[in-house]
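Here is the structure we will look at.
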Amino acid sequence: MNISNNTGGGYKYKLNCEGEELDYNTERDVHYCIRGANKQNGIISFADPHLGLDSRLLDNVTKAGLKKPTPIQRHGMPQLMAGLDVMCCSHTGSGKTAAYLLPIINQIVQAASLGGRAESTTPTPSSSRPENEKKSVTRPLALILTPTHELAMQISKDANVFGKGMPIQSFAVFGGQPLGFELRRLKDGTANILVATPGKLLHLLSEFKVVSLEKVQFFVVDEADEMFDRGFFPQIGDIVNQFLSPKEERVNALFSATFPNQIQYFAKKQLKPDYIFVVIGILGGASPDVCQEIVCASRAEKQMKLCQIVQNLEDEDKKVLVFCNKIEKVNDVADILLLRGFKAGRIHSELTQPERTQALRDFDEGKTTILVATSVAARGLNIRGMDLVLNYELPRDITDYIQRIGRTGRVGVAGETISFFDEDTDAELVQELVDALKTGNQKVPSFLSDLCAEAGNDNEYESEDDLHFKMKKLNIKKCLDVFEEEDAW
């Protein structure tokens, strides 16, 4: 790590590739960079003695189908187990959720076995409490903030799976869930891991006072880049400043697939100064496990091409996730597929939470084989056996494209994506799309190369370092490596 003083008063860090190692899940070499004075060595298995996972937790990890740690787990987990703050960047589908859940669960279980603070979350039965103590609150030891309802539910579910048979109770709060149900669960005080969307948590903290964050030992912000895109940082700031103890009194972690400038500011403000920065693969790049195909299709051609593709896949009973940019288009495409006899569902923000949950359940269980969605389904969801992600409409931002295609090719399993490219509407995305294909070691279609040449952007990169630099530019408006003295909010 090279450090030099910056005229702006901050420091400039050169993000060099520190090493290359084999990803045992894919048998592919991946680049990694771990930065920080107190960084811990990586582990090679979940049973590594340096990690020290509880035997019951190891059994649950095995039952969940996790055989070998992914690179982000290998290098991220030891930092959290050592009590260090982390900023972790890795492509979608790389196993980031387990990278923070396993250390959190292990620490809570260890504290409980020693008679520590974890035991304080187990409530006394209401019948034996004094009358003036029957109303309780949830005092979680771990708080995990996430941008979407679906991701909150999934993280909470994963935590309960990993913590089965141990003193672990996870609960998720988010908008659209019945308030009475949430209040009853929170008054029980049984949850020691709380997963929440920022707005709902702030509402519960301010209006109902059924949650207290005074005992939080682990604070995680997942999908930090999406949090900023959705405008959640002011709400997170209120939670941190008004309800959490000082950052020095807890372990803090930010996980993100990209690292825009705003996340740098957030990291500087909300992590301790000696935090560890972990980067796996190309910063902001697509998963190397995803095969990307770009198909030229005008607006008039898309419907026919979509039906041809899904017909072939439905005959094989395969799952297809179709992305559109607007709710109206989601409804139109889903209706067309249903009229043609396909088993299609839909998910977008205008559906009620029970409707969204049911749509995901039907898709997961195979009752529907096609799910048409807006980008509400682009973050963090891990749907089993996703065979194809199809961009009926390309998003306007390359990071959204990276997130969408990341719904397949997860945790070492190869995936396939097809994206319809309409020159009339997608021309501004050409160069960034070509860069994303090149960094993912994908073939660039000749029509995209021709469009780049016509625009004067036919860049041929001489080395992999050039590609790394280019991908950084895709996600960061200012220089990546400069931490400036600006407010994260």
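The values are calculated or read from the model by the stated rules, or taken from the named source; none is laboratory data. Here the structure is a predicted model, which is why all the values come from computation and not from measurement. A quick note on method: Cβ atoms are made from the backbone with ideal geometry, for glycine too, and the neighbour counts reach across all protein chains shown.
Before moving on, here are some points about what is shown:
- Out of Val240, Val220, one residue alone is β-branched (Val, Ile, Thr) and part of a strand (DSSP E or B). It is Val220.
- Hey, Arg184 on the phi < 0 side of the Ramachandran plot, basic (Lys, Arg) and either at pLDDT below 90 or not assigned by TED's automatic domain parsing to the domain that holds Ala111 (or both) or not: no
- Among the residues of the stretch 265-276, those that are of a type outside the set (Asp, Glu) and within 19 Å of Leu80 (Cα to Cα) comprise Phe266, Ala267, Lys268, Lys269, Gln270, Leu271, Lys272, Pro273, Tyr275, Ile276.
- Taken over the stretch 243-275, the criterion of being touching a residue at least 40 places away in the same chain (Cβ under 8 Å) and in a loop (DSSP other than H, G, I, E, B) is satisfied by Leu244, Ala257, Thr258, Phe259, Pro260, Leu271, Lys272, Asp274, Tyr275.
- Meets criteria (in a helix (DSSP H, G or I) and either free of Cβ contacts under 8 Å to residues at least 12 places away in the same chain or not assigned by TED's automatic domain parsing to the domain that holds Ala152 (or both)) for Arg346: no
- Residue check for Val295: part of a helix (DSSP H, G or I) and within 21 Å of Gly406 (Cα to Cα): no
- Within the stretch 184-201, the set of residues being outside any strand (DSSP E or B) and either buried (at least 20 other Cβ atoms within 10 Å of the Cβ) or among the aromatic types (Phe, Trp, Tyr) (or both) comprises Leu186, Gly189, Ala191, Asn192, Thr197, Pro198, Lys200, Leu201.
- Scanning the stretch 67-105 for residues that are more than 21 Å from Thr146 (Cβ to Cβ) and surrounded by 23 or more Cβ atoms within 10 Å (Cβ to Cβ) gives Pro69, Pro71, Arg74, His75, Pro78.
- Screening Gly231 with (1) in a helix (DSSP H, G or I); (2) without any contact (Cβ under 8 Å) to a residue 40 or more places away in the chain; (3) surrounded by fewer than 20 Cβ atoms within 10 Å (Cβ to Cβ) gives one miss only, at (1).
- In this entry, Arg356 is excluded by the filter for residues that are assigned to a strand (DSSP E or B) and either modelled with pLDDT under 95 or closer than 16 Å to Arg404 by Cα (or both).
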